[in-house]
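Colleague: Below you'll find the structure I mean.
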Amino acid sequence: MLFIKKENMGKIKIFIDDGCLFMRIFTEKNIKNYMEYVNKNIIELNEVIGNCFQCGEKLSVLELPKGPEKEVVCLKDREYFVEEYEMLIEEGELKE
Ligand SMILES: [Zn+2]
């Protein structure tokens, strides 16, 4: 059995047979805010845009996630990106 419930904070809760897991759904605005944060605090965007922010490879040759986060991260690094993103939210560096 599997069913999905929408939670606040852009997360969905997925119930599976032996428990549940959370998945973060990003909006265009989330990613825009993240890019602004990176540009202001880490590195100029035009130096990294088009590449995965985690592994640095060209996004055009990588497998990409489905959501708007495909602008900043490849599919295999999505999990790290989610962790980083959640941390920034928790620390108040980023707004939902
Ligand atoms: Zn990557």
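Colleague: Could you check, for segment 1-20, whether at least one of its residues is in contact (Cβ under 8 Å) with a residue 24 or more places away in the chain, surrounded by 16 or more Cβ atoms within 10 Å (Cβ to Cβ) and away from the ligand (no atom under 15 Å from the Cβ)?
Modeller: Yes: one or more hits.
Colleague: Is there a residue in segment 52-75 that is out of contact with any Leu (no Cβ under 8 Å at 6 or more places or on another chain), in a loop (DSSP other than H, G, I, E, B), without any contact (Cβ under 8 Å) to a residue 40 or more places away in the chain and of a type in the set (Phe, Trp, Tyr)?
Modeller: yes
Colleague: Could you list, in sequence order, all residues of segment 43-67 that are of a type outside the set (Asp, Glu) and more than 16 Å from the ligand (Cβ to nearest atom)?
Modeller: LEU45, ASN46
Colleague: Can you work out which of the residues in segment 73-87 that are crowded, with 20+ Cβ neighbours inside 10 Å and farther than 17 Å from ILE49 by Cβ is farthest from the ligand (Cβ to nearest atom)?
Modeller: TYR85
Colleague: Among the residues that make up segment 29-43, is at least one of them among the β-branched types (Val, Ile, Thr) and more than 23 Å from GLU93 (Cα to Cα)?
Modeller: Within segment 29-43, none of the residues are among the β-branched types (Val, Ile, Thr) and more than 23 Å from GLU93 (Cα to Cα).
Colleague: In segment 31-51, is there at least one residue being assigned to a helix (DSSP H, G or I), surrounded by 13 or more Cβ atoms within 10 Å (Cβ to Cβ) and of a type in the set (Ser, Thr, Tyr)?
Modeller: Yes: segment 31-51 contains one or more residues that are assigned to a helix (DSSP H, G or I), surrounded by 13 or more Cβ atoms within 10 Å (Cβ to Cβ) and of a type in the set (Ser, Thr, Tyr).
Read-outs throughout are calculated quantities, based only on the coordinates presented, and are distinct from any laboratory measurement. Please read these numbers as outputs of a predicted model, since none were measured by experiment. Backbone-built Cβ (ideal geometry, glycine too); neighbour counts: all protein chains shown.
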